[in-house]
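Structure first, then comments.
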Amino acid sequence: MTGPSAPSSGGRSSVWRVLVGLLVALTVATGIIVVPWFLLRDEGAPGATAGPRWFGGYYDVTAAHPDTASLPGAGSDAVVLAFVTAGPGGACSPTWGGVYSLAEASRALDMDRRIAQKREAGAAVTVSFGGARGTELASACGTVGDLIGAYANVLERYTITTIDLDLENAALGDVVAGDRRAAAIAGLQGRAHAKGSDLSVWLTLPSDQEGLGTDGLRAIRQLLQAGVRLAGINAMTMDYGAPLADRSMAGAAITALTAVHDQLGRLYDDLHLALPAGGAWAIMGATPMIGQNDVHDEVFALDDAATLNAFAQKQRLARVSMWSLNRDRACGADHPDARTASDSCSGIAQGEADFAAVLGRGFAVDPALARNPAPTASAAGEATAPFTGSPAPPPASTPAPTRDP
């Protein structure tokens with residue numbers, strides 16, 4: 001299903017004049033100015049614009065790390081760093097997984113320098129807020145201004161111009177936080193625009209074989225109605241927890257993505273927002289969990305990766321990701337149970353980084369991500385200890401969590 005074209009102004013100008021006249025009359029009569037969201041939008045502007053197509057795996061910053069000083073990912077593939085959440089006790093301050101503040105991550109994980117090195121190698125780096133564990137910043141920060149400040153701390157420190165909002169569990173169902181998040185992201189996009197730049201926003205949501213749930217669709221609507229321009233909606237095609245009806249994991253993912261495509265077409269049509277020439281596919285992403293999923297009987301194999309990649313190429317999906325770069329390797333002999341999902345290996349026979357190679361076929365790095373300059377904190381004089389290739393232990397007051405996508 002393709003989205004509607006941007007409505008022309010000529011055939012509807014009389015309707016708008018009537019609406020504006022009614023609003024003026026209401027203002028004169030009551031002294032109250034009421035402006036619906038849809039009158040604040042540029043009617044002729046599209047609701048979404050197709051951007052570069054890209055592949056980038058998630059990298060779990062607080063999970064087990066390989067013994068290397070560099071961030072993972074081959075060549076110019078993007079890396080999506082996960083996850084920035086609220087501080088310990090739900091504090092309105094950005095941390096990596098509720099474990100490391102941004103300054104602690106610089107010292108203990110050499111995060112600033114590793115990001116800079118990745119970019120110098122020609123790769124793109126961006127940041128994902130949220131995830132399945134911890135408290136999302138929009139739920140922790142009590143005001144839109146505080147939330148803007150928390151997000152901006154991350155964007156400015158790492159000079160990020162593309163973000164990923166991964167909404168799950170409590171964060172996805174928190175309607176008040178959703179309104180606060182939408183207002184904050186709209187404000188950040190406005191700030192970027194005023195400076196002559198852009199803030200590209202991806203929304204990552206859980207999906208089943210019927211598509212997105214009610215909460216996910218509401219989250220999209222909240223952002224769009226606040227005036228946020230979404231770069232895309234990324235569906236987590238994993239952990240279905242329901243019979244696959246003889247479908248492979250790739251087949252289940254394709255079924256889910258097709259349902260999401262139809263939902264987005266209806267949603268954008270309902271909001272009178274145009275989709276790009278490629279329709280909803282052009283603003284969609286897919287993120288499988290490679291290898292053994294959290295659901296015992298669900299295993300996403302390399303054949304599934306090849307099938308999903310072929311589908312993504314055929315439909316020209318905007319993005320493919322995976323959970324996670326940390327897991328893109330076979331488990332060692334000491335792994336206790338190959339049918340239990342690990343945060344450091346896939347649980348199936350594979351070579352190093354095989355899934356990234358298969359899922360990333362045909363995708364180029366997103367130039368909007370790759371052109372980001374290096375992080376600025378170290379250049380500003382913050383001391384960082386030489387990195388040895390192994391992360392320092394997390395702060396003693398906050399145990400390092402094992403997290404799912």
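Roughly what would the spin-label model give for HIS335 and THR214, points 7 Å off Cα along C-beta, in nm?
The answer from the label model is 3.9 nm.
Starting at the first residue of segment 80-97, write each ³J(HN,Hα) from the Karplus equation 6.51 cos²θ - 1.76 cosθ + 1.60 with θ = phi - 60°, in whole Hz, x for Gly and Pro.
9, 7, 10, 10, 8, 10, 5, x, x, x, x, 5, 7, 8, x, 9, 7, x
Once you order the gyration tensor axes a ≥ b ≥ c over the Cα atoms, which shape class does segment 273-317 get: rounded for a/c under 1.5, otherwise prolate or oblate by comparing a/b with b/c?
Working: a/c = 5.16, a/b = 2.19, b/c = 2.36.
Since a/c reaches 1.5 but b/c is at least a/b, the shape of segment 273-317 is classed as oblate.
Quote the accessible area belonging to MET238 in square angstrom, nearest 10, computed with a 1.4 Å probe and with ligands, DNA and RNA left uncounted.
10 Å²
How far apart, in nm, are two points set 7 Å out from the Cα along the Cα-to-Cβ line at ASP246 and at ASP303?
1.6 nm
How large is ³J(HN,Hα) for each residue in segment 180-186, as worked out from phi by the Karplus curve 6.51 cos²θ - 1.76 cosθ + 1.60 (θ = phi - 60°), to whole Hz, x for Gly and Pro?
5, 4, 4, 5, 5, 5, 4
Using a 1.4 angstrom probe on the protein heavy atoms only, line up CYS141, CYS92 by accessible area, largest first.
Ranked list, largest accessible area first: CYS92, CYS141.
Scan around PHE129 for amide H atoms under 5 Å from its own, H built in the peptide plane at 1.01 Å from N, and keep only partners 5 or more places away or cross-chain.
VAL84, ASP164, LEU165, ASP166
At a Förster distance of 30 Å, what's the computed FRET efficiency of ALA194 paired with ASN169, Cβ-Cβ distance as r, to 0.05?
Values: r = 34 Å, r/R0 = 1.14.
FRET efficiency, ALA194 to ASN169: 0.30.
I'd like the accessible area for ARG266: 1.4 Å probe, protein heavy atoms, all chains in place, Å² to the nearest 10.
Answer for ARG266: close to 140 Å² accessible.
Could you please report the charge total around ASP215, scoring K, R as +1 and D, E as -1 over all other residues with beta-carbon less than 14 angstrom from its beta-carbon?
-4
Taking the Cα-to-Cβ direction at GLU156 and at ARG221 and moving 7 Å from each Cα, how far apart do the two end points lie in nm?
According to this spin-label approximation, the distance is 3.6 nm.
The values are calculated or read from the model by the stated rules, or taken from the named source; none is laboratory data. Since we're looking at a predicted model, the values are computed, not measured. All Cβ positions, glycine included, derive from the backbone under ideal geometry; neighbour counts span all protein chains shown. These area figures cover heavy atoms from the full protein model, side chains too; ligands, DNA and RNA do not enter into them. Shrake-Rupley method; radii C 1.70, N 1.55, O 1.52, S 1.80 Å.
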